[in-house]
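Heads up, the thing below is written out as structure tokens.
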Amino acid sequence: MITQQVLIIGANSDIAKALVLQLRENKTIGLILISRDVNADDLLYRNKKNNRVNIISVNDYLSQSIEHAIEELATYDHVPITRIFICNGILHNQSIQPEKRIEALTVESFSEVMISNALTPMLWIQHLMPTITNNSSCKIIVFSARVGSISDNRLGGWYSYRASKAALNMMLKTAAIEIARRNKNVKIIAFHPGTTDTPLSKPFQKNVPENKLFTCEFVAKQLLTIVENTSYDQRASYLDWQGKSINW
Ligand SMILES: NC(=O)c1ccc[n+]([C@@H]2O[C@H](COP(=O)([O-])OP(=O)(O)OC[C@H]3O[C@@H](n4cnc5c(N)ncnc54)[C@H](OP(=O)(O)O)[C@@H]3O)[C@@H](O)[C@H]2O)c1
């Protein structure tokens, strides 16, 4: 019997897919997956017998699409949502490359990276506030990155991506303070998975030592353990794949 639900946003992320496969092993968990790209792989997530996996498809991550998804989510909220994973993030795409030099910075790519990596996760949290504050407890895990740490920046480069994750971290700290006033049993985690073998890191893997390039399965397992071991302390944590704190 399902006693709790886990919401995974940006479910087409390779790390998100590994999370889904591991969470599916627990028969008391129902999964709700939100993504722009519900492809055949995702359909395999469905467990037709007991329907423990529901998929909400969005066209994009604009406010209106998020609102529609939240309306659809309301039809599934008869069992409490106790975990929310927000996996969205871009580093490169057909028109964007991380900047090696300040000369490469453009309004267009900076705006797109900021919106995808910093604003989109916060819009989800904004629209999920009734779920977050009315439920007895909830842990919210948002995928950040170590390069978003201002104090850890020794290498430079990647202006937009770094700035977007630093902005995300600041907003998560801010949201944790506000949410703590409304519900003490909410935990927010800004998570750094480490360099993980996904399409996002593919073009940048050649200088990564073999033992430092993680599989999605490994990262998902680490993350699920970290989430269970984290307490409700009314503040945001910035944690890496080992569960170690990163300086903001
Ligand atoms: N892989 C690494 O080495 C690494 C390292 C540090 C941090 N991270 C972070 O981990 C998270 C997951 O990344 P991944 O490695 O699993 O990458 P991935 O497989 O390439 O997944 C990309 C994710 O970004 C979403 N996305 C793509 N375009 C978007 C857009 N324009 N607006 C909003 N969301 C968009 C996708 O959502 P759909 O489901 O809708 O496609 C999906 O959730 C990201 O936040 C990334 O920054 C990854």
Kindly indicate the residue of region 146-161 that is at positive phi and of a type in the set (Gly, Ala, Ser) and also surrounded by the most Cβ atoms within 10 Å (Cβ to Cβ) among those meeting that condition.
157
State yes or no: is residue 200 within 20 Å of residue 148 (Cβ to Cβ), open to solvent by less than 60 Å² (accessible area, probe 1.4 Å) and in a helix (DSSP H, G or I)?
no
Hits in region 233-248 - residues which are open to solvent by less than 70 Å² (accessible area, probe 1.4 Å) and hydroxyl-bearing (Ser, Thr, Tyr):
237, 238
I'm checking my understanding of the structure. Among residues of region 44-67 that are farther than 30 Å from residue 105 by Cα and within 14 Å of the ligand (Cβ to nearest atom), which one is modelled with the lowest pLDDT?
45
For region 92-143, what are the residues that are open to solvent by 40 Å² or more (accessible area, probe 1.4 Å), within 15 Å of the ligand (Cβ to nearest atom) and outside any helix (DSSP H, G or I)?
92, 93, 94, 95, 97
Filtered residues of region 32-43 (kept if at pLDDT 85 or above and more than 23 Å from residue 125 (Cα to Cα)):
none
State yes or no: is residue 202 within 13 Å of the ligand (Cβ to nearest atom), among the charged types (D, E, K, R) and within 17 Å of residue 121 (Cα to Cα)?
no
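Yes/no per residue for (1) at pLDDT 95 or above; (2) in a loop (DSSP other than H, G, I, E, B); (3) hydroxyl-bearing (Ser, Thr, Tyr); (4) under 27 Å from residue 113 (Cα atoms):
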residue	(1), (2), (3), (4)
167	yes, no, no, yes
173	yes, no, no, yes
181	yes, no, no, no
207	no, yes, no, yes
218	yes, no, no, yes
223	yes, no, no, yes
233	yes, yes, no, no
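The values are calculated or read from the model by the stated rules, or taken from the named source; none is laboratory data. Small disclaimer: the values here were computed from a predicted structure and weren't measured. Please note: Cβ atoms are built from the backbone with ideal geometry, for glycine as well, and neighbour counts cover all protein chains shown. Heads up: the accessible areas ignore ligands, DNA and RNA and are worked out on the full protein's heavy atoms, side chains in. Shrake-Rupley method; radii C 1.70, N 1.55, O 1.52, S 1.80 Å.
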